[in-house]
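A.B. asks: Before I ask anything, let me first share the structure, which is written out below as structure tokens.
The values are calculated or read from the model by the stated rules, or taken from the named source; none is laboratory data. The shown structure was predicted, so the numbers you read here are calculated from the model rather than taken from an experiment. In this analysis, Cβ positions are derived from the backbone assuming ideal geometry, glycine residues included, and neighbour counts consider all displayed protein chains. Please note that ligands, DNA and RNA were not included when accessible areas were found on the heavy atoms of the full protein model with its side chains. Shrake-Rupley method; radii C 1.70, N 1.55, O 1.52, S 1.80 Å.
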Amino acid sequence: MSSNTETSFKLLPAIEKLLQATRLQAVIEGYGHDSVKLEARSQLQVLREAIVQQNQDALDWLTTDNFFDELCHKIEEAVRTQFSSSLIPVFNLTGTVVHTNLGRAKLPQIAIEAIITAATQATNLEYDLESGKRGDRDSHLEQALCNITGAESATVVNNNAAAVVLVLNTLAFRQEVPISRGELVEIGGAFRIPDVMNSAGCHLKEVGTTNRTHMKDYVNAINDNTALVMKVHTSNYKIKGFTNSVSESELAQLAREKDIPFISDLGSGTLIDLKQFGLPYEPTVKEVLDSGANVVTFSGDKLLGGPQAGIIVGSRELITRIKQNPLKRALRIDKITLAALLEVINLYKDPQRLAERLPLLADLTRSPAAIEETGNKILPHLQDKLAGWAKVTLGSCKSQIGSGALPLDLLESRALIIEPIAAKGETDAHLLGIARSMRALPMPVIGRISDGKLLFDLRCLRDINYFVEQLDLIQLGVLED
Ligand SMILES: *Cc1c(COP(=O)(O)O)cnc(C)c1O
């Protein structure tokens, strides 16, 4: 070791001295002695390596007057970062209201309060207060779900993917399930009907063709080893043109004749007719049951606007078998989700006030005029902050519901439209740079890029004041990659 290196080593403070520094007492108090010690040790190790490698920046820093203070500051920052959650709120200005990557539905206040109660106190989750004996977790939701859908019985699991796996595994294990080739859907995030069938232990029997499937295709597909007939709602795409599919009621009739169940995976699934809110029509769970489906599965956090959950409704006999499957225990809904879902389902009992009480519906039904008003309040501030970087205007755009629901039905909306001011050939880098700067804000702003422009669809923006306030912190730069 050179004497130079040894001299530098001597400039490094002892770990005990660091831990006694006034500067670090607050962070020790906040996060504990051990975490600060661990971080201090690792920072000192980094410095030792830098010294061995004769890193000039590090060697210079060591000899400055502020070195000790700055090192403490670095340790403090690192510890605070370690403890800060990586899960943070963002502004969803993508124009996709139910955005799977951004957490889907925002819950109503009443559900939040129920979550707090369920999380902080013992509850009668699985306890029958009358008999003093073990109760059933499903009992809390079952009646409300049956009332609203007309089903005889109901159960709830972790998400709709789990619901589909559970239903198939219970009713069709090692047996065949005919499904139309036009319904072999893939939902984002690796949910593909053929793979789901496989993991549930069922044999998929493809029926018909991509664009046309007829009753005779189903009839020909059914044999002694057919467990049930299944229909999957093609929520995230539509097949147009020369098409044919067999309706729910026809399939239900066929299944009845063959004495096998008919099940329908609705995907998004809505409890009430959305047309009353000026939204596009989507079959309700009740309608599908009325048309003869024996079991229907749907999501709690898509069109329903609740927490992530998978809801299974249907005949008492089939739901009883589903509840008895050991997989049900593995896929069961958690108490916090259950508390929230209960409140969301309750809101549906009063459809007149649903649009003001359910955040998802409030966003979906927000008028272009109201969105424009938000835009007018923000526009001058964003123009000011991006002056010289981009031209910002307020214009029309279309929002979509998202999560596969009603993909072709777009909602009229308003967006801030950002066009970079840059030399030809550099506009993309500028645009990506602005998008990244907006994502780097304390509450990241997430828009969408379309046609060389960055769009902030304002449909879901509520906190105008905070949006404007944090614009002061924007640090613009060009993306160089
Ligand atoms: C979304 C969807 C699922 C999966 O639901 P998750 O709640 O996301 O697990 C299953 N089937 C269909 C048809 C869907 O649209």
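A.B. asks: When only Cα pairs under 8 Å and 6 or more residues apart are kept, what is the percent relative contact order across the range 213-281?
C.D. replies: For the range 213-281, the relative contact order is 40 percent.
A.B. asks: Whenever you get a sec, line up VAL468, VAL392, VAL219 from highest to lowest accessible area (probe 1.4 Å, protein heavy atoms).
C.D. replies: Highest to lowest solvent-accessible surface, that is VAL219, VAL468, VAL392.
A.B. asks: May I pose another question? If you take the square roots of the eigenvalues of the alpha-carbon gyration tensor of the range 163-300 and sort them as a ≥ b ≥ c, do you get rounded (a/c under 1.5), prolate (a/b over b/c) or oblate?
C.D. replies: Rounded shape, in that the Cα axes give a/c under 1.5.
A.B. asks: Provide the per-residue ³J(HN,Hα) series for the range 413-422, in order, calculated from phi with Karplus coefficients 6.51, -1.76, 1.60 and θ = phi - 60°, each as a whole number of Hz, with x at glycine and proline positions.
C.D. replies: Per residue, the Karplus-derived 3J(HN,Hα) values read 9, 10, 9, 7, 10, 10, 10, x, 9, 7 Hz.
A.B. asks: From the Cα gyration tensor of the range 254-315, with a ≥ b ≥ c the square roots of its eigenvalues, which class applies: rounded if a/c is under 1.5, or else prolate if a/b is larger than b/c, or else oblate?
C.D. replies: Details: a/c = 3.36, a/b = 1.65, b/c = 2.03.
It is oblate, given that a/c is not under 1.5 and a/b is not larger than b/c.
A.B. asks: Additional query: Once fully extended, how much extra length lies between SER139 and THR209, figured as 0.36 nm per residue of separation less the alpha-carbon to alpha-carbon distance?
C.D. replies: 21.0 nm
A.B. asks: Once the whole set of protein chains is in place, how much accessible area is left on VAL90, using a 1.4 Å probe, in Å² to the nearest 10?
C.D. replies: 50
A.B. asks: Take HIS430, HIS381, HIS140 and sort them by solvent-accessible surface of the protein heavy atoms, 1.4 Å probe, largest at the top. Present the calculation step by step, with values, prior to reporting the outcome.
C.D. replies: Numbers: HIS430 25, HIS381 80, HIS140 55 Å².
Listed by decreasing accessible area, they come as HIS381, HIS140, HIS430.
A.B. asks: Protein chains only, probe 1.4 Å: how do SER264, SER131 rank by accessible area, largest first?
C.D. replies: SER131, SER264
A.B. asks: While we're on this one: For the range 363-437, rounded, prolate or oblate, judged on the Cα gyration tensor with a ≥ b ≥ c (square roots of eigenvalues), a/c < 1.5 rounded, else prolate if a/b > b/c? The partial results should precede the final answer.
C.D. replies: Working: a/c = 2.98, a/b = 1.57, b/c = 1.89.
In terms of gyration-tensor shape, oblate.
A.B. asks: Report for the chain the percent antiparallel among DSSP-assigned beta bridges with both residues inside it, nearest 5.
C.D. replies: 65
A.B. asks: Continuing with the same structure: How many angstrom separate the Cα center of the range 195-246 from the Cα center of the range 1-73?
C.D. replies: Spelled out, the Cα-based centre of one part sits 66 Å from the other.
A.B. asks: Taking a probe of 1.4 angstrom, what is the accessible area of ARG436 in Å², to the nearest 10?
C.D. replies: 100
A.B. asks: Now for a different question. What lysines sit close enough to LYS385 to cross-link, taking a C-alpha to C-alpha distance under 26 Å and skipping anything fewer than 8 places away on the same chain?
C.D. replies: Result set, ordered by chain and number: LYS377, LYS398, LYS424, LYS453.
A.B. asks: Take the Cα atoms of the chain, build their convex hull, and give its volume per residue in Å³.
C.D. replies: 229
A.B. asks: Using only DSSP helix segments of four residues or longer, with each worth -39500 (n - 2.57), what per-residue ellipticity at 222 nm results for the chain after dividing by its residue count and rounding to 500?
C.D. replies: Value at 222 nm, helices only, nearest 500: -13000 deg cm²/dmol.
A.B. asks: Another question about this same structure. Over all pairs of distinct alpha carbons, what does the Kirkwood formula give as the hydrodynamic radius of the range 21-140, in Å? The partial results should precede the final answer.
C.D. replies: Working: mean 1/r = 0.0503 Å⁻¹.
Mean inverse Cα-Cα distance, inverted, gives 19.9 Å.
A.B. asks: Hey, rough spin-label estimate for GLN109 and LEU11, points 7 angstrom out along Cα→Cβ, what's it come to in nanometres?
C.D. replies: 5.8
A.B. asks: Once each part is reduced to its C-alpha centroid, what is the distance from the range 322-350 to the range 371-448 in angstrom?
C.D. replies: Centre-to-centre distance over Cα atoms comes out at 38 Å.
A.B. asks: Still on this model: Can you pull the accessible area of SER85 for me, 1.4 Å probe, Å² to the nearest 10?
C.D. replies: 80
A.B. asks: How long is the gain from ASP334 to GLU257 if the chain were fully straight, where each residue apart is worth 0.36 nm and the alpha carbon distance is subtracted?
C.D. replies: 23.9 nm
A.B. asks: While we're looking at this one, here's another question. Please list the non-local residues whose amide H lies under 5 Å from the amide H of LYS391, H modeled 1.01 Å from N, same-chain partners needing a gap of 5 or more.
C.D. replies: Those qualifying (amide H under 5 Å, at least 5 residues apart or on another chain) are GLU419, ILE421.
A.B. asks: Which cross-chain or sequence-distant (5 or more) residues have an amide H under 5 Å from the amide H of VAL185, H modelled 1.01 Å from N in plane?
C.D. replies: HN-HN under 5 Å from VAL185: ILE193.
A.B. asks: Which values, in whole Å and largest first, are the semi-axes of the equivalent ellipsoid of the range 60-116 obtained as the square root of 5 times each eigenvalue of the Cα gyration tensor?
C.D. replies: Semi-axes (√(5λ), whole Å): 43, 16, 7.
A.B. asks: Which whole-number percentage describes the relative contact order of the chain, with Cα contacts under 8 Å and a sequence gap of 6 or more? Please list the in-between numbers first.
C.D. replies: Working: 830 pairs, mean separation 83.8, N = 481.
Over the chain, the number comes to 17 percent.
A.B. asks: Continuing with the same structure: Amide H neighbours of PHE91 under 5 Å, counting only residues 5+ apart in sequence or on other chains, H built in-plane at 1.01 Å?
C.D. replies: VAL445, ILE446
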